[in-house]
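The values are calculated or read from the model by the stated rules, or taken from the named source; none is laboratory data. Predicted, not measured: the structure shown is a model, and the values here were computed from it. So basically every Cβ, Gly included, is an ideal-geometry build from the backbone, and we count neighbours across all protein chains shown.
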Amino acid sequence: MPGQHPHEDVTGVVLAGGLARRMGGVDKGLVSVRGRELVRYVVEALQPQVRDLIVNANRNQEIYARLGFRVVADAPPGFHGPLAGMASAMRVASTPFIATVPCDSPFVPADLVGRLYRARVAANATIAVAHDGERLQPVFALIDCRRLDSLVAFLARGERKIDRWYDGERTTTADFSDSPRTFLNLNTPEDVASTEALLMP
Ligand SMILES: Nc1nc2c(ncn2[C@@H]2O[C@H](COP(=O)(O)OP(=O)(O)OP(=O)(O)O)[C@@H](O)[C@H]2O)c(=O)[nH]1
Ligand SMILES: [Mg+2]
């Protein structure tokens with residue numbers, strides 16, 4: 001039925017594997033935002049949209065595991081960027097697709113996965129990436145897990161840039177220009193403070 005997407009086809013992946021250099025190297029997903037770990041906002045928004053959820057983290061895996069979902073580290077290891085986290089999630093996902101979101105974007109909309117999914121179907125693409133009207137938002141993406149071999153080969157060549165992998169795939173975009181808050185992400189301590197103010201009742 002138009003306007004719907006098969007939840008059972010999608011595993012949500014929360015990318016929490018970064019170094020958070022702009023936040024002083026803390027584990028960003030675990031940073032407290034109005035008394036709750038940042039990753040929890042993302043998990044709560046994504047979970048109703050997918051069948052399974054995976055948290056991709058390279059540190060504090062046992063703390064992330066308390067969220068109740070599978071935790072996977074990057075493969076290959078070594079902080080090579082979000083593509084490595086996507087690859088390890090694609091390897092273990094038991095659904096045909098993964099939908100990725102970063103752990104530092106607390107305003108994931110309830111229709112994120114559905115819109116990505118519909119854009120992918122409409123374009124007969126293997127990847128759908130969110131577009132904010134000005135630029136691609138590459139860590140908000142729906143990816144066909146059958147492209148794992150392509151991604152592994154890309155990483156094995158020493159490539160790291162997410163846009164470059166997308167460029168070589170059958171990639172389409174999903175327009176989220178009506179929803180700029182989706183892409184608000186917390187990179188610095190100042191971002192945490194301003195978002196806490198936004199979340200004030
Ligand atoms: N799995 C994985 N995810 C990463 C890696 N680097 C960044 N990310 C994720 O990509 C998303 C967006 O990245 P940034 O906001 O730049 O986060 P970051 O790289 O931790 O922070 P900075 O070092 O300040 O840029 C976040 O969800 C990060 O967790 C990585 O090496 N591996
Ligand atoms: Mg960020």
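Evaluate the following for P76: is it part of a loop (DSSP other than H, G, I, E, B) and not aromatic (F, W, Y)? Don't jump to the end; show me each part of the working.
Working: part of a loop (DSSP other than H, G, I, E, B): yes; not aromatic (F, W, Y): yes.
For P76, the condition - part of a loop (DSSP other than H, G, I, E, B) and not aromatic (F, W, Y) - is met.
Could you pull out the residue among M90, M23, M86 that is under 14 Å from the mean Cα position of the chain (by Cα), modelled with pLDDT of 95 or more and within 16 Å of ligand 2 (Cβ to nearest atom)? Walk me through it before giving the result.
Working: M90 fails: within 16 Å of ligand 2 (Cβ to nearest atom); M23 fails: under 14 Å from the mean Cα position of the chain (by Cα).
Going through M90, M23, M86 in turn, the sole match is M86.
Here is a yes/no grid of residues against (1) under 17 Å from P6 (Cβ atoms); (2) in contact with a strand residue (DSSP E or B) (Cβ under 7 Å, 6 or more places away or on another chain); (3) buried (at least 19 other Cβ atoms within 10 Å of the Cβ):
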site	(1), (2), (3)
Y117	yes, yes, yes
N124	yes, no, no
R135	no, no, no
F140	no, yes, yes
A156	no, no, no
E159	no, no, no
T188	no, no, no
M200	no, no, no
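Looking only at region 33-52, count how many residues are outside any loop (DSSP other than H, G, I, E, B), touching a helix residue (DSSP H, G or I) at 6+ places or on another chain (Cβ under 8 Å), in contact (Cβ under 8 Å) with a residue 40 or more places away in the chain and away from ligand 2 (no atom under 12 Å from the Cβ).
5
Out of A99, A128, I need the residue that is crowded, with 19+ Cβ neighbours inside 10 Å, more than 21 Å from A57 (Cβ to Cβ) and touching a helix residue (DSSP H, G or I) at 6+ places or on another chain (Cβ under 6 Å). Which one?
When all the criteria are applied, what remains is A128.
Within region 93-109, how many residues turn out to be in a loop (DSSP other than H, G, I, E, B) and away from ligand 2 (no atom under 16 Å from the Cβ)?
5
Restricting attention to region 53-73, report how many residues are in contact (Cβ under 8 Å) with a residue 40 or more places away in the chain and part of a strand (DSSP E or B).
Counting residues in region 53-73 that are in contact (Cβ under 8 Å) with a residue 40 or more places away in the chain and part of a strand (DSSP E or B) gives 5.
Which of the residues that make up region 161-175 are more than 16 Å from ligand 2 (Cβ to nearest atom) and either at pLDDT below 95 or buried (at least 16 other Cβ atoms within 10 Å of the Cβ) (or both)?
W165, Y166, E169, T171, T172, T173, A174
Residue-wise test of (1) more than 10 Å from ligand 1 (Cβ to nearest atom); (2) free of Cβ contacts under 8 Å to residues at least 60 places away in the same chain; (3) under 18 Å from R70 (Cβ atoms).
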site	(1), (2), (3)
M86	no, no, yes
M90	yes, no, yes
A99	yes, no, yes
H131	yes, yes, no
R135	yes, yes, no
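Would you point out the residue of region 177-201, among those that are in a loop (DSSP other than H, G, I, E, B) and more than 16 Å from ligand 2 (Cβ to nearest atom), that is modelled with the lowest pLDDT?
Here is the first cut: in region 177-201, the ones in a loop (DSSP other than H, G, I, E, B) are 177-179, 184-188, 199-201.
When the remaining residues are screened for being more than 16 Å from ligand 2 (Cβ to nearest atom), the result is 177-179, 199-201.
Working: S177: 98, D178: 97, S179: 95, L199: 83, M200: 76, P201: 70.
It comes out as P201.
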